[in-house]
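Only the coordinates and a few stated rules stand behind these numbers; no lab work does. Keep in mind that what you see is a predicted model, and the values were worked out from it rather than measured. Ideal geometry is used to build each Cβ from the backbone, glycine not excepted, and the neighbour counts take in all protein chains shown.
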Amino acid sequence: MVNTQNDESQRMTLWQTICAGSGTAADRRNQLWFVAWTFAWAATFVVASWVLKNHREAVGVGGWALALLPNIFAIGAMLAYLKFLRNADELLRRIQLEGLAIGFGTGIIFAIGYQLLERAGAPALAVDDFMLVLCGGWVAGQLAATWRYR
């Protein structure tokens, strides 16, 4: 007879799988808050961008307030990430810091290197293109560090 209760207790939830099962319950809760703030930031950025692009009457104080609104959620995301990082266990903190180091390095190398490519004839890129590279490097760094230490 197979003990299914033991098998079920060892299964990871979807969130644990995404987080590679890292950290304590408090770490996962803090990470969820960071993700929630990040999604709120992204949603308000998309809405503000759409309104400012499609409604030219959104100028003046209202337009400025709408343009600054996503920054409130960005600050919330940053503070939630700092709380997550400060309260994380040692292994999770190390994984996160390696991810940040790789992401930052990737972003800097890409930003400086692409300037030369532009001078050689490559099309100009917007700031958000560089941010995608930086965030992609951060995610890749986290995955590499998670794989390395697990």
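Give the calculated FRET efficiency between Glu57 and Ile108 to the nearest 0.05, with a Förster radius of 35 Å applied to their Cβ-Cβ distance.
Numbers: r = 40 Å, r/R0 = 1.13.
Result of the calculation: an efficiency of 0.30.
Can you tell which of Gly137, Gly60, Gly105 shows the greatest fluctuation in a Gaussian network model of the chain with Cα springs below 10 Å?
Looking only at Gly137, Gly60, Gly105, the largest GNM fluctuation is found for Gly60.
Can you list the residues, at least 5 places off or on another chain, whose amide H is less than 5 Å from the amide H of Asp89, using H built in the peptide plane?
It is Thr24, by chain and number.
Would you mind classifying the chain by shape? Square roots of the alpha carbon gyration tensor eigenvalues, ordered a ≥ b ≥ c; an a/c under 1.5 is rounded, otherwise it is prolate if a/b is larger than b/c and oblate if not.
It comes out oblate by the Cα gyration axes.
Please compute the length gained on full extension between Glu90 and Phe39, using 0.36 nm multiplied by the number of residues separating them and subtracting their Cα-Cα distance. It would help to have the intermediate numbers written out before the result.
Details: separation 51, 0.36 × 51 = 18.36 nm, distance 2.63 nm.
Stretched out fully, the Glu90 to Phe39 stretch lengthens by 15.7 nm.
Can you list the DSSP H helices in the chain whose Cα atoms extend at least 24 Å along the helix axis and whose mean Kyte-Doolittle hydropathy is 0.5 or higher?
60-87, 90-119, 127-149
Under the definition of Cα pairs under 8 Å and six or more residues apart, what whole-number percent is the relative contact order of the chain?
Worked out over the chain, it gives 24 percent.
Quick one: if you stick a label point 7 Å off each Cα along the C-beta vector at Val46 and Gln115, how many nm between them?
It works out to 3.3 nm between the two label points.
Evaluate the relative contact order of the stretch 86-150 (contact order divided by residue number), counting alpha-carbon pairs under 8 angstrom at least 6 apart; express in whole percent. Before the final figure, lay out the partial values.
Numbers: 52 pairs, mean separation 35.2, N = 65.
Across the stretch 86-150, relative contact order equals 54 percent.
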